Amino acid sequence: LKSIVLIKQIPDTGEMSMDPQSKWLVREDVNKIINPFDTYALEEGIRLKEQHGGEVVALSMGPEHSKEALKEAIAMGVDASILISGDVFRGADAQATAYVLAKGIAKISEYDLIIGGIYTSDGATGQVGPAVAEHLGIPHITGVRKIREISETRIEVERLTDGGVEVVEAELPALITVVKEINEPRLTSLKGIMKAKKAEIPIWGMDDIEATEGRVGETGSKAKVIDTWIPQRSKDVEMLEGSAQEIGKAIVDKLKTAKII
Ligand SMILES: Cc1cc2nc3c(=O)[nH]c(=O)nc-3n(C[C@H](O)[C@H](O)[C@H](O)COP(=O)(O)OP(=O)(O)OC[C@H]3O[C@@H](n4cnc5c(N)ncnc54)[C@H](O)[C@@H]3O)c2cc1C
């Protein structure tokens, strides 16, 4: 069974800020992590390899420092990692990203299952997985919380919906996106860290993936971010004084005044 896991390196969510001019996330000089959902995707890929044999490859499109995330994936247990990078890919919306990733996957050529996170903690469109599958002409199942069965030709999963759980099957090759309920991602091992240190991460550009100019990066993106801001939390605090009864009454009065009750 050959799996390809899609991972995105993102700024550590506690430290996010926006460039006021470009409206892009500031990614330099901040601590970076693998998008949390993608660590569950990596764990699932590695488990499938351990249970069924085969291979698992991590793939990312991003700036050169995304190599750190791809090395971490190797330290966790994937066999190889590939980065698609270059200025031409910068400023991509979800659709342009999906196009590029699909071209990268087409170059890898042989695969049974593609695994991604349900969404990222920065862009958070949740479109990339399904759009990659559409480009490749394969089925996709989102929000997977459990792989029930997998064979060489078929996958059966449980997916989490707002109302409960759905059991869905698809023919392979297919793409799934996963939620946190699916597993508990492992920590990197010392052996894995040593392997990752030595690992070469190939960087693919436009020619390698045979991408069409105008379909990638900012020029290939039909959605433009017009404005972004991080809501500021009010720090106004009022301390109530008095007996428990007086404080209780004061809270009820305030909630009534604010029309909350
Ligand atoms: C040079 C360069 C600079 C970039 N700068 C930025 C930036 O400043 N801000 C930014 O948000 N993005 C940046 N990107 C990446 C790209 O624009 C986003 O990945 C893309 O728009 C994804 O949208 P999303 O986060 O809403 O994904 P979602 O659809 O929410 O992601 C769902 C899942 O798709 C997969 N996925 C998503 N993006 C990628 C990816 N890039 N590689 C592999 N798998 C992926 C993951 O499994 C993820 O869990 C940059 C890329 C390059 C090449």
Quick one: Debye curve from the C-alpha atoms of the range 159-221, no solvent, what's log10 I(q)/I(0) at q = 0.26 Å⁻¹?
-1.07
For the chain, what is the relative contact order in percent, using Cα pairs closer than 8 Å and at least 6 residues apart in sequence?
23 percent
Cα→Cβ-extended label distance, 7 Å offset, between Ala258 and Thr125, nm
3.6 nm
Given Lys146/Lys198; Lys180/Lys222; Lys23/Lys71; Lys67/Lys235; Lys23/Lys197; Lys2/Lys180, the pairs whose alpha carbons are separated by over 27 Å:
Lys146/Lys198; Lys180/Lys222; Lys23/Lys71; Lys67/Lys235; Lys23/Lys197
Return Leu48, Leu70 ranked ascending by Cβ neighbour count within 10 Å, so the fewest neighbours appear first.
Leu48, Leu70
Among rounded, prolate and oblate, which fits the range 199-241 when a ≥ b ≥ c are the square roots of the eigenvalues of its C-alpha gyration tensor, a/c under 1.5 means rounded, and a/b larger than b/c means prolate?
oblate
When the helices in the chain are scored as -39500 (n - 2.57) per DSSP H run of 4 or longer and the sum is shared across all residues, what 222 nm value do you end up with, to the nearest 500 deg cm²/dmol?
-9000 deg cm²/dmol
Gaussian network model of the chain, springs between alpha carbon atoms under 10 Å - residue of Lys224, Lys103, Lys67 with greatest fluctuation
Lys224
Taking the beta-carbon count within 10 Å as an exposure proxy, list Ile226, Ile261 from fewest neighbours to most.
Ile226, Ile261
For the range 34-151, what are the per-bin percents of Cα-Cα distances with bins 10 Å wide, up to the bin holding the maximum?
13, 47, 36, 4, 0
Give the value in nm², to one decimal: projected area of the alpha carbon convex hull of the range 104-246, averaged over all directions.
17.0 nm²
Can you give me the Kirkwood hydrodynamic radius for the range 107-170, using every pair of distinct Cα atoms, in Å to one decimal?
13.0 Å
Square roots of five times the Cα gyration tensor eigenvalues for the range 216-261, Å:
48, 12, 7
Run through the DSSP bridge list for the range 115-261 and note the antiparallel percent, rounded to the nearest 5.
65 percent
Residue-count net charge about Gly53 - beta-carbon cut-off 13 Å; Lys, Arg +1, Asp, Glu -1
-2
Please report, for the Cα atoms of the range 146-190, the Rg to one decimal and the Dmax as a whole number; what are they, in angstrom?
12.8, 42
Descending packing, highest mean Cβ count within 10 Å first, for 179-189, 233-243, 124-134 is 124-134, 179-189, 233-243
At q = 0.10, 0.14 Å⁻¹, what is the base-10 log of I(q)/I(0) for the chain according to the Debye formula with one equal point scatterer per Cα and no solvent? Please give it to two decimals.
-0.56, -0.93
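Every number in this text was worked out from the coordinates using simple rules, so none of it is lab data. Because the structure is predicted, anything quoted here is derived from the model rather than measured. Note that we place each Cβ from the backbone using ideal geometry, even for glycine, and neighbour counts take in every protein chain shown.
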